[in-house]
1. Taking the conditions exactly as written (within 12 Å of the chain's Cα centre (by Cα), in contact (Cβ under 8 Å) with a residue 12 or more places away in the chain and open to solvent by less than 10 Å² (accessible area, probe 1.4 Å)), does Ser145 satisfy them or not?
2. Return yes when Leu19 is modelled with pLDDT under 50, closer than 21 Å to Glu113 by Cβ and not basic (Lys, Arg) and no when it is not.
3. Might you let me know whether segment 151-167 holds any residue that is open to solvent by less than 10 Å² (accessible area, probe 1.4 Å), touching a residue at least 60 places away in the same chain (Cβ under 8 Å) and under 17 Å from the mean Cα position of the chain (by Cα)?
4. Quick check: is even one residue across segment 177-193 buried (at least 17 other Cβ atoms within 10 Å of the Cβ) and under 19 Å from Ser114 (Cα atoms)?
Amino acid sequence: SIATASSRGLDELMGDTDLSIGQDLVMPESTLSDRESTEAMRSVLNMVDSSHFETRVEGARILCDLSASNVNHVTLCHVGCLAAIAKLLRGHAQGYGLAAAQAAAVALAHLSESACCQDEIINAGLLPELLRLAVDSSYLMSDMSEACALAISNLCRQRAERVVGAMKGADRDLLSRWITSVDEVENQQLKMRIGIARDGLLGCNAIGTLL
């Protein structure tokens, strides 16, 4: 069933970062069947895919709330939430809106905590996009950068060899520069995430091809 999840869970996940994605969105306690829960989540993804800006942002926020509970992770991946998240992350510069993309990034950070979703995230080809957003340290992008860095650090900590294998060419070079930049980063949350990612990759046999 769909578990209760509020954006308070985002504060716990991201520390003291203000993600600026709106008010708390509390999903009510649910007694829905698995089928009904799946259909409800598909309805949220339809909102994310809406051509109306406000509906799309609201859908992204609800998706973010749902992802705060790991009870929902398997179903969210099953109904195609990763494709929706990828669309929001890649499309924010083309009019999809920063607020929706931020919510999508935090949703992905939540999902990356679950082993059942980690391979799915890598298989969806999201790593290069996560990395490009993680290295963007501009003021407007700082919240999204931290969320993407958290997702990468979770993947590197538990799926290091797969991460290295999934990064090719320029993306691999960017990953190498990112994990070796830890001493130059001033943002403490971001520094911590990069450090975790680097430590995870150091235990990978393929790390020599990266550094």
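1. Details: within 12 Å of the chain's Cα centre (by Cα): yes; in contact (Cβ under 8 Å) with a residue 12 or more places away in the chain: yes; open to solvent by less than 10 Å² (accessible area, probe 1.4 Å): yes.
Judged against the criteria, Ser145 is a match.
2. Numbers: modelled with pLDDT under 50: yes; closer than 21 Å to Glu113 by Cβ: yes; not basic (Lys, Arg): yes.
For Leu19, the condition - modelled with pLDDT under 50, closer than 21 Å to Glu113 by Cβ and not basic (Lys, Arg) - is met.
3. Of the residues in segment 151-167, the ones open to solvent by less than 10 Å² (accessible area, probe 1.4 Å) are 151-156, 163-164, 167.
Restricting the remaining residues to those that are touching a residue at least 60 places away in the same chain (Cβ under 8 Å) gives none.
No; the residues of segment 151-167 include none that is open to solvent by less than 10 Å² (accessible area, probe 1.4 Å), touching a residue at least 60 places away in the same chain (Cβ under 8 Å) and under 17 Å from the mean Cα position of the chain (by Cα).
4. yes
Results for (1) free of Cβ contacts under 8 Å to residues at least 60 places away in the same chain; (2) farther than 29 Å from Arg198 by Cα; (3) open to solvent by less than 30 Å² (accessible area, probe 1.4 Å), shown as yes or no for each residue.
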site: Asn70; (1), (2), (3): yes, no, no
site: His73; (1), (2), (3): yes, no, yes
site: Ala101; (1), (2), (3): yes, no, yes
site: Val106; (1), (2), (3): no, no, yes
site: Ser114; (1), (2), (3): yes, no, yes
site: Leu133; (1), (2), (3): yes, no, yes
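The values are calculated or read from the model by the stated rules, or taken from the named source; none is laboratory data. All of these numbers come straight from a predicted model, not from anything done at the bench. Please note: Cβ atoms are built from the backbone with ideal geometry, for glycine as well, and neighbour counts cover all protein chains shown. Note: areas computed on protein heavy atoms with side chains; ligands, DNA, RNA excluded. Shrake-Rupley method; radii C 1.70, N 1.55, O 1.52, S 1.80 Å.
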